[in-house]
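Novice: Encoded as structure tokens, here's the structure I'll be asking about.
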Amino acid sequence: MGEFLSKYQLDNKPVTLLPRGLTNRSNYCYVNSILQALIACPPFYNMLKALPYQTRRGKSSTPVIDSMVELCYEFSPLALGPRARGRNEPGAPLVPAGPPLDGAAGLRVLRALRPFPGSQEGRQEDAEEFLGCLLNSLNDEMLELMKLVEPEEPKEANAQVNGIITQEQPPEEDDDDDDEWKVMGPRNKGCVERRWAARRTPVADIFRGRTRLRLHRAPLHAVTDAVQPFFTLQLDIERASNVKDALELLAGKDTLEGVSDAWQQLSLEQLPVVLLLHLKCFQLDSEGHTAKIVKNIDFPVDLKIDQKIMSSKIKYSGKQRLYKLFAVVYHEGVEAVKGHYVTDTFHGQAGWIRYDDSTVTPVSDGAVLKPKPPRMPYLLMYRRHDTLPAHAHAHAQHAHAQHAHAHRAPGKPE
């Protein structure tokens, strides 16, 4: 398994699966919603299906990998016939669904995540925290397996990361120590760069990006850069009404409280193959209680990352900065501590499918993009355009033009 993981190359080919709901035994909608979104992610599903896996008997050193592979094997490819492609109602194709999986499928994953508080069964938990714990646990298990066959990662000045050539990057270390690098900052001034070590795994190849946080102190023009990995980008939606604005807020200049003549700015250093955006609709109120922000948030099917929020270290082409939406996890309800999670996923020719625990229904594009509060988009999952099949680009451009025309406000330029 370690050898396979070390040599694995991402398989981005699309896969159309027979939809199956997941039974909710007890407040597990947050588990079900995340698992359905991940199953709908082709490079992730293809990776798990490709693993040289055998059902374990007894105690395993990779319980999270085991539980996710077993879940994937519960889904089978769907051959879309003419009936499945057509539907009486426009925009909502008919899709057959298999019988719902019993609650044991999600429960196995939950029990494997020992560090996650939700493994105390029966408690409603946060879907984004569950997603982060799941990806980190998968990544950690893969690292342990890979260390058995490759004690050291080769250090190269030029490396290919997710299809992007990075040049003159400091080598990544294979241990947990941080490293400092003296690099050229703005105006050719010296800049200290801290780069957090993070070895590659197939999970990291899919979901991991990097941010660059620049701390600038005047009048000395002292610049410190910190490059850190992320699986999920956290977006502030309290001050934004759409995802584009929230991304710009993320990359805005912030003054440092209590420090005069200093500011910091975040930029995107490396874009992942699959971009996970967390719309932070939960916040602490003045009394220290968690409250939910309920408002309309616009998010596009085709998302372009603006060059101005990218750091200049790596050059990305237009296609490499363009993403296509494939899954949305929503939180329903006005309270943060209660509520319900549902997931919409893109199902190829069949359009969008809604998973509400064991219930599976086709939905229109409008129902996906314009949820009615208190249903709020909570997690958005996008695939990078240069990893999509060629025909998807043409379809996306056509759909994007239609969507822009349909949603243009009267009297407002496109």
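Novice: Suppose R0 equals 30 Å. What FRET efficiency, 1/(1 + (r/R0)^6) with r the Cβ-Cβ distance, do Glu129 and Lys59 give to the nearest 0.05?
Specialist: With R0 = 30 Å, the Cβ-Cβ based efficiency is 0.70.
Novice: Given the Cα-Cα distance of Gln264 and Glu248 and 0.36 nm per residue of separation, how much length would full extension add, in nm?
Specialist: Full extension of this stretch gives 4.3 nm more.
Novice: Say a paramagnetic label sat at a point 7 Å from the Cα of Glu287, along Cα to Cβ; which residues of region 323-349 have their backbone N under 18 Å from it?
Specialist: Answer for region 323-349: 334-338.
Novice: Subtract the Cα-Cα distance of Leu213 and Asp140 from 0.36 nm times their separation in residues, and report this length gain in nm to one decimal.
Specialist: This chain segment gains 23.8 nm when fully extended.
Novice: Compute the distance in nm between two label points, each set 7 Å from the Cα along the Cα-to-Cβ direction, one at Asn27 and one at Val149.
Specialist: 4.1
Novice: How much length would be gained if the chain were fully extended between Asp102 and Trp196, taking 0.36 nm per residue of separation minus their Cα-Cα distance, in nm to one decimal?
Specialist: Extra length available between Asp102 and Trp196 comes to 29.8 nm.
Novice: Where the centre of each part is set by its Cα atoms, how far does region 292-346 sit from region 14-39, in angstrom?
Specialist: One Cα centre to the other: 19 Å.
Novice: Another one. Please compare each pair in Lys295/Lys370; Lys295/Lys372; Lys308/Lys370; Lys7/Lys49 to a cut-off of 20 Å on the Cα-Cα distance and tell me which ones are over it.
Specialist: Table pairs above 20 Å Cα-Cα are Lys308/Lys370.
Quick note: the coordinates plus some simple rules give every number you see, no bench work behind them. Note that the structure is predicted; figures quoted are calculated from it, not measured. For neighbour counting, all protein chains shown are included, and Cβ atoms are generated from backbone atoms with ideal geometry for every residue, glycine included.
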